[in-house]
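All of the numbers you see were taken from the coordinates with simple rules; none came from a lab. From a predicted model like this one, the values you see are computed outputs, not experimental measurements. Heads up, the Cβs are rebuilt from the backbone with ideal geometry, glycines too, and the neighbour counts pull from every protein chain shown.
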Amino acid sequence: MEHFYFLIAFLLFCLIVLFKYLKTGKLKYRFKFSVRNYYLLVSVFLIGVVAKSLHDRSWFLPVLFLILCVMGVVGETLFSVWWRVFYKKNFWVYKVETLAHAYTSLLNFLPWGVGGALLVSFAEWLVPLLPPHFKTYHVVSLGVPFWQIFILFLFLGSGIQLSIWIIFTGHVGRNFKFKKATFWNYLFFISPFLLSLAACCLIFSWSFLLIAAVFAAVGGSAEYLFGKATQFFISKKLWSYSYCSFDNGHFTPLALAGFSIAGFLSWATAYALHSFLKY
């Protein structure tokens, strides 16, 4: 059933348009923004979650989806807070139902759940194409699953990064922050992720580079299309990027590393949940 997800979602949207037509006598596919209309648009993505859950007769995906909803909102908030440690302006600014200095929005739970599930799906699709030791939920080397190594080195890299920053700002001024995003200061910003990725490549397989690239491409494309769709169908731009942005703030290549991190953390969550439910 889940294989017809996109078709079902499209048909549901057509039913919404038809309902509006019967109610108002006007054929409209663009609606005035409201929280209700937003959830009508986003709710079509829940069909895939429900369909696959019924098909597999398992609670795994609904539970994972709920966890990813919360993780996404918390994660983008922490990403924004960490960005402001080094840069003067927010990485992005949300404009509707904002939370925590516009770092995130109350409307983001469902999109992050869908986005996280999409990234996990691509990881699971990609795994059979990789070397034999890559198997679904069994990316293990030396008895340690990949997600433990990834998260360990992410925290280790963040600690090293912060230590370097404290020493650096002690010399140039405690209030110093980057005004612009350049290649070198951005490389410094994502250095914890690069350290985690390098550790996974050396311990497990260089295939992690391919996985990272897929996460970045899929996550970036999905977010861009979602942002354009919400603006087109419900007449509201929900966020805007502040650095190196294109298409009136809809996209920035600087976000690709963030989507790659989100992909690995979503995949790690699926791995850990699967291991927990197995026992």
Inset, instruction - Could you tell me which trypsin sites (Lys or Arg not before Pro) in region 41-92 are loop residues by DSSP with no more than 12 other beta carbons within 10 angstrom of their beta carbon? - result: R57, K88
Legend entry - 21 Å Cα-Cα threshold exceeded, pairs from K89/K177; K180/K237; K32/K237; K95/K228: K180/K237
Inset, instruction - Could you pull the Cα extents of region 61-278 along its three principal axes, largest to smallest, in whole Å? - result: 49, 47, 26
Legend entry - Charge tally in the Cβ shell below 11 Å around W112, where Lys, Arg are +1 and Asp, Glu are -1, W112 excluded: -2
Inset, instruction - Excluding residues on the same chain fewer than 8 positions from K52, give the aspartates and glutamates whose Cα lies under 16 Å from its Cα. - result: E2, E124
Inset, instruction - Would you mind pulling out the separation of the Cα centroids of region 56-76 and region 153-230, in Å? - result: 24
Inset, instruction - Assuming R0 = 30 Å, can you tell me the calculated FRET efficiency for the pair V93 and L202, based on Cβ-Cβ distance, to the nearest 0.05? - result: 0.20
Legend entry - Pairwise Cα inverse-distance average, inverted: Kirkwood Rh of region 39-172 (Å): 17.8
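What's the exposure ranking of E76, E223, going from fewest to most Cβ atoms within 10 Å? Don't jump to the answer; show the numbers that get you there.
On the way: E76 22, E223 19.
Listing E76, E223 from fewest to most nearby Cβ atoms yields E223, E76.
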